[in-house]
Amino acid sequence: MFKHIGKTRTAKHNLRIASLLSFVAGIVNVAGFIAVHRLTTNVTGHFAFFVDEVLKLHFREGVIYFLFIFFFFLGSFVSNFLVELISRKNAIYIYIIPTIIESFILFSLGIFGKFLIVENPNTIALSLLFAMGLQNSLVTSISKATVRTTHLTGLFTDLGIELSQLFFYKLAEQKNRLYSSIKLRLTIISFFFLGGIIGGIFYGLFELHVLILAGTTLLIGIAYNDWKLKLILLKRKIKMFNKNYNTKFYK
C-alpha cells in the first residue's frame, strides 16, 4: 500500500491507500469545520477569503487566511522534503515519518483540542491544514499524482471527464484503463463521504476526540503495511533457503 512507489504500484495498491487516507481526510474535513468553522483539508476557499479581506483593507484577517494557505503549503513541503531525504537511505520506509507526524498532530488535537477551541481556534485550523498538506503531498509522491485524498474538486472533474470518455473510447485496453481510474475516483469519493459522516456523528458524541479515531486509522495502516512487508521478506528468505538447500542436496 505504502511501500510501492511509481511504476511498481498497481491499481490495488492505489485503492488501498486511497481508501485509508480519504477516510481520514473525510473525518478531518467535517470535524475541523464543525469545531472551528474553517475549511481544514484544502485552501481554495481560503484564497478567496484572503483576497476579500485584503480588498476590504482588513489586513489582520487577511494574514490569518494567508497563514491557512501557507500552512497547507508548509505541510506539503515538509512531507516531500522528508520523502526525498529518507529515500536516499531506504525508500521502503519513506512514508513512516510523515504519517507519524500527521498521526501525532491528530492525536494531540484530539486530546487537547477542546482547550484550543476556547483559547485559539485558529491553531486547530492551522494544525489540521498542515497535517492535510503532509498527507496530500505524501500520497501524491508515492502514487506519482495518481491519488489525491484531501479534497474532491479535482476528483469530480476527472470523474466527469472519464465517464464522458466511455462513450468514445471503444478499445478494450482503453476501456479497462478508464474503468480502473473511475473505480479509484469513486473509491476516494466514497471513503471521503464515509469519513465525513462518521466524523459528523462522532463529533456530536465526542467532539474533537474524534480526531483520535483518524490518527488511529493511520497507525493501523502503518502497522498493516509493516506486517505485510515483514511477511513478504520472510517468504523471500524461506524461498531462498529452500532454493539453496535443494541446490546443495541435489549436488
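The values are calculated or read from the model by the stated rules, or taken from the named source; none is laboratory data. Everything numeric here is computed off the predicted structure, so don't read it as measured data. Please note: Cβ atoms are built from the backbone with ideal geometry, for glycine as well, and neighbour counts cover all protein chains shown. To get the accessible areas, we keep the full protein, side chains included, count just its heavy atoms, and leave off ligands, DNA and RNA. Shrake-Rupley method; radii C 1.70, N 1.55, O 1.52, S 1.80 Å.
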Next item on the list: Considering each of Thr153, Thr140 in turn, give the residue that is at pLDDT below 85, polar (S, T, N, Q) and farther than 27 Å from Ala223 by Cβ.
Entry: Thr153
Margin query: So, in the stretch 33-91, exactly how many residues are open to solvent by 40 Å² or more (accessible area, probe 1.4 Å) and assigned to a loop (DSSP other than H, G, I, E, B)?
Written below: 9
Checklist line | Condition broken by Ile197, with the remaining ones in (1) aliphatic (A, V, I, L, M); (2) under 22 Å from the mean Cα position of the chain (by Cα); (3) modelled with pLDDT under 90; (4) surrounded by fewer than 14 Cβ atoms within 10 Å (Cβ to Cβ) satisfied | finding: (3)
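Scan the stretch 142-161 for residues that are out of contact with any Phe, Trp or Tyr (no Cβ under 9 Å at 6 or more places or on another chain), assigned to a helix (DSSP H, G or I) and buried (at least 19 other Cβ atoms within 10 Å of the Cβ) and report the count. Show your work before the answer.
Applying the first criterion (out of contact with any Phe, Trp or Tyr (no Cβ under 9 Å at 6 or more places or on another chain)) to the stretch 142-161 yields 143-148, 153-154, 156-161.
So of that shortlist, the ones also assigned to a helix (DSSP H, G or I) come out as 143, 153-154, 156-161.
Still in the running and buried (at least 19 other Cβ atoms within 10 Å of the Cβ): 143.
Going through the stretch 142-161 one residue at a time, the tally reaches 1.
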Margin query: Take the residues in the stretch 210-227 that are buried (at least 17 other Cβ atoms within 10 Å of the Cβ) and out of contact with any Ser or Thr (no Cβ under 7 Å at 6 or more places or on another chain); name whichever of them is farthest from Leu116 (Cα to Cα).
Written below: Asn225
Check: Cβ-Cβ below 6 Å, separation at least six or inter-chain, first residue in the stretch 139-163 and more than 17 Å from Ile182 (Cβ to Cβ), second of a type in the set (A, V, I, L, M) and at pLDDT below 80: which pairs?
Finding: Val139/Val147; Ile142/Ile5
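Looking at this structure, is Thr99 touching a Gly at 6+ places or on another chain (Cβ under 6 Å) and either in a loop (DSSP other than H, G, I, E, B) or open to solvent by less than 30 Å² (accessible area, probe 1.4 Å) (or both)? Even if it seems obvious, please write down each step before you answer.
On the way: touching a Gly at 6+ places or on another chain (Cβ under 6 Å): no; either in a loop (DSSP other than H, G, I, E, B) or open to solvent by less than 30 Å² (accessible area, probe 1.4 Å) (or both): yes.
In short, no.
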